[in-house]
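Read the structure below first, then the notes.
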């Protein structure tokens, strides 16, 4: 089967590519465009290391094809901040040591940014006690919502502390 | 400077996603992509392998099988870390998932698709895959005996005789094992995610039949290790074979599912623990018989029974190990080798004894504390186990514990507290570090050491900055290359000891050179270097190995900790949830308070995982890993981990080394799993002796109690 | 993953035409399909992207219910105020499934069509009647602690992994299907998933070339709605047992179980939690590994009912 042309809009810049339709969004980012901040931890939606924002919503980039994303706004860790100008969430992860090896970290950070937005928008979660009410900004809510991002170094307590620093949320 | 909780020096780049891990390295240019096809059977022979369709598939450059793989070094009879690990040697299959072919293609998608086109036929041969069918048995090895255990145990007024099992565990770092191998101009460079480069270089050179000088391994950034990147595995070997044939760089990354069969596992274990005590809780007999899985070919035997050897005093002691050789692949060290499963079960047995004695489990541990190694009769330097237990009990509020099991409720939750001790041997390995001062104002520290997320980059910069009295920003640490001075890499909790000692010594040696040229009265070392050493000045610092250090014969070197856990168990369903946890640790000097705490917390969560979540299942008929992905092999999520804390009793262990430093990579896990298991018992009155404590194991007991 | 052709459909009709080719498959969220394609378990020759068809709204029906477009994402469905207010069991089931990332992508139709998580189905080296009809079932006699106890057969003991489907079953939802020649039909949730019998590879009532276009909820039934999911870790894991419950004044009105069977296991029985559980579990055929699920199902139902009583008391 022949390659397909697709334009991916990543961190505000268009990238024209000719791609095997089998290429996932994750592999397009990593192998074709060298946005290697987005990580491949399991390649089957079971770890969250590949989390990116598409049209402002977090998804697992390993379980979607690049050719399906023509016209979408894709944001990766590289678009969030740079080592010299870190996004507040990146800065909080740095200060709280919300990582060790750093491999799941971009996914955790992208997810964390999205989680705060989801709570702000009132999206409920498994631990929202009153499903009809806006969810509270609590550690319990943040933990549940971050559970799609595994960390084998197990930096979980520090990640939650970092997110709390950014959100100003109570425990 | 030393001890300060500064942010990781590579941190800004890590949180920005700008650190290149092995499979992301661009140094060799665009690589070809490999994909491994694994054996579909657990034991037998390949009768036919048809690669025609794969070879004809789009983009395919190479299909390697045992029929066309180049000659490699021989597999050792009892292979260790430095030995050859040849791949695709012959038609023999010794474990499920063993590589039977490598496909290399222009793209990852092409290689993966072509690998599926290879037709393989097998002859299955009888095999033994079932660890739990072998209760004990096998040759008894690694025996340590003091006094007359059997008699003392028989005569003990109070005793416990309980058998526990722990399952197979996997390291599963979030970065899967991966390599880019690049053969050019007669030199092989392997960008490999690895823990201990020195050994890997030996093994890879023997495998490829190359001179070590013709190979460079580069492992600058490592996305977690936990043991799975210690051994030489097929990604390095196969990518290297392929790049030599194709003369193009070849990338080969394991899939997560392949990580189960292409990397080793922690052996499953069975432990019979027998404890005898006086009525007032003094241990008179301490016995731990461990039985572990291994294979016919490999030399790693999980030292499960060793943990009890210096943990508590008892005049009569017997600890030993037997093993069974199975066809499930080689066990390898996984974080907390021996002590993670060993302490989890041993500290469960101590809890059972406390229950039988009607004693506070903290008090029982304190009563059997010792400052003398009970088997080697020499001091246990820096032993502050009692301080860890007391400090932890105080801070955790242990006095408030439910003394009677199953006596406290919070709504539908049954509440329990548990405690366990931790101990980890401290070891030191011969290590060299180079320190160089450039006139431009830069200190460079070089080693073949790796940073798995342990904080090595940061602590080495702190040690060098402190020794040379320069700002840490002016120290550049360069790790993870085999052409740097050699050490023993990351593993065995020895990294911080090895590295801080050698780095400090190298700094001293450089400073001596500057003193010799400039005298001692200067303020700015860079100014003196500019004046006296226009081309820079450097020196090597050395850490002597424990075997050559008299302190390691005069003292028994360990690190210590205590863990306190509170769990809730749903009275209806038996779901277990950790509610809070505290660890208190003593390990000599802290090099960086922030990264040390992180590593301890991470270790503690490994303990939680071992108690409640993790376990690899082998199908006894087929020999494959049944729960072979991260949806089925469960590790904790954020939601499983509430607020937990780790406290460090900062110290300086002058008998460990002149820096006062010991390691913590394994200590955090230590006996943590035991504290969780004991809390589950305290909550429910149900003792589950087979780990992890799953619904199916806990619920029957819960129902039986009514 | 085998090579495939990729087409983006602009309309339902175009999608159905493209899917009329042999070995064609729709892709929407892709969260299950792409995983299975990478492993070689699914191998479509033609992939038809239906993400731009619309079908992503939740509209009131004339009868007073809601019609949920096939492409409404799980996260959006769970967040919809009408669902949270009037069909709380559905909202609760949705948020107990998968992860935030997956729920943002997974669709209503795709969730219904997801395939089993039986580990023997997932391993292509193992015989599996679902994957290769007639090859046998390696799960039988294998490690089966999280496999089925109800509705299973000698050919297959897999369970259906969806949480959402269990809630839809208890709510008596119907599935709206468009056919190749424009024919539309509806199938009640009760009949949508099939039991394996001798043909475990046939999983749903969907025929070759058909497409789910919507799921319709009847008018709100009120009551206290609970979804209680039990699993081996606190989040991001498939159910061991789950219970979708509608209770009123402390009595069970409707209940369905997840995690036990190849389809959501609805039981129409009255009485105490124990009596309802007895009725539900009649004819269960546990393996040596998963007998605990019977006790767990019983106790989870009791827990769900206790939750409902508490919730009612709190009002």
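Okay, here's what the table says:
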| read-out | value |
| --- | --- |
| Evaluated over the stretch A:88-167, the Cα radius of gyration and Dmax, each in Å | 12.2, 39 |
| Sorted by Cβ density within 10 Å, fewest first, the residues C:121, B:533 | B:533, C:121 |
| Estimated D of the stretch A:4-79 in µm² per second, where Rh is the Kirkwood radius over Cα pairs and Stokes-Einstein applies at 20 °C, 1.002 mPa s | 180 |
| Size-normalised alpha-carbon gyration radius of the protein assembly as shown, reference 2.2 N^0.38 Å | 0.91 |
| Mean residue ellipticity (222 nm) of the protein assembly as shown, computed from DSSP H runs ≥ 4 via -39,500 (n - 2.57), nearest 500 | -8000 deg cm²/dmol |
| Residue-averaged beta-carbon neighbours from other chains (10 angstrom radius) around A:153-166 | 6 |
| Shielding by partners, peptide B:115-125 (average Cβ within 10 angstrom, other chains) | 1 |
| Alpha carbon centroid spacing (whole Å) that separates the stretch A:98-141 from the stretch B:533-604 | 30 |
| Efficiency of FRET between residue B:535 and residue B:26 - r from beta-carbon atoms, R0 25 angstrom, step 0.05 | 0.20 |
| Convex hull volume per residue for the stretch B:429-544, taking Cα atoms only, in Å³ | 85 |
| Reciprocal of mean inverse Cα separation for the stretch A:122-171 (Kirkwood radius, Å) | 11.5 |
| For B:622-630, mean number of other protein chain Cβ atoms within 10 Å | 6 |
| Spatial separation of Cα centroids for the stretch B:304-319 and the stretch B:337-404, in angstrom | 13 |
| Cα-Cα separations in the stretch C:215-315 greater than 16 Å, expressed as whole percent | 57 |
| Modelled FRET efficiency - R0 51 Å, residue B:148 with residue C:289, Cβ distances, 0.05 increments | 0.75 |
| Evaluated over chain B, the Cα radius of gyration and Dmax, each in Å | 26.2, 83 |
| Radius of gyration, Dmax [the stretch B:141-232; alpha carbons; angstrom] | 22.7, 74 |
| Ellipsoid equivalent to the stretch C:65-145 - semi-axes via the Cα gyration tensor, in Å | 34, 13, 11 |
| Packing-based ranking, highest mean first, of B:145-154, B:240-249, B:512-521 given that Cβ atoms within 10 Å are counted | B:240-249, B:145-154, B:512-521 |
| Relative packing of A:24-33, A:98-107, which averages over residues the other C-beta atoms within 10 Å, highest first | A:98-107, A:24-33 |
| Label-point gap, in nm, between residue B:580 and residue B:542 - each point 7 angstrom along Cα→Cβ | 5.2 |
| Relative contact order for chain C, counting Cα pairs under 8 Å that sit 6 or more residues apart, in percent | 17 |
| Alpha carbon Rg of the stretch B:502-602, scaled by the compact-globule rule 2.2 N^0.38 Å | 1.90 |
| R0 of 51 Å, Cβ-Cβ distance residue C:62-residue A:16: FRET efficiency to nearest 0.05 | 0.60 |
| Residue order, fewest to most surrounding Cβ atoms within 10 angstrom, among B:185, B:128, B:289, C:268 | B:185, C:268, B:128, B:289 |
| Alpha-carbon centroid distance for the pair the stretch C:93-119 / the stretch C:1-75, whole angstrom | 14 |
| Simple spin-label estimate for residue B:387 and residue B:410 in nanometres, 7 Å along Cα-Cβ | 3.1 |
| Relative contact order of the stretch A:4-79, defined on C-alpha pairs under 8 angstrom at six or more residues apart (%) | 40 |
| Zero-based 10 Å bins, Cα pair distances in the stretch C:10-142, whole percents | 11, 33, 31, 20, 4, 0 |
| Relative contact order [Cα under 8 Å, 6+ residues apart], chain B, whole percent | 16 |
| Estimated translational D of chain A in µm²/s (Stokes, Kirkwood radius over Cα pairs; 4 °C; 1.567 mPa s) | 78 |
| Computed over the stretch B:291-420, Kirkwood Rh from alpha-carbon pairs, angstrom | 17.2 |
| Inter-label distance, nm, simple model (7 Å from Cα along the C-beta direction), residue B:128/residue C:248 | 6.4 |
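Readers should treat all values here as calculations from the given coordinates under stated rules, not as data from a laboratory. Remember, predicted model here, so these are calculated numbers, not experimental data. So basically every Cβ, Gly included, is an ideal-geometry build from the backbone, and we count neighbours across all protein chains shown.
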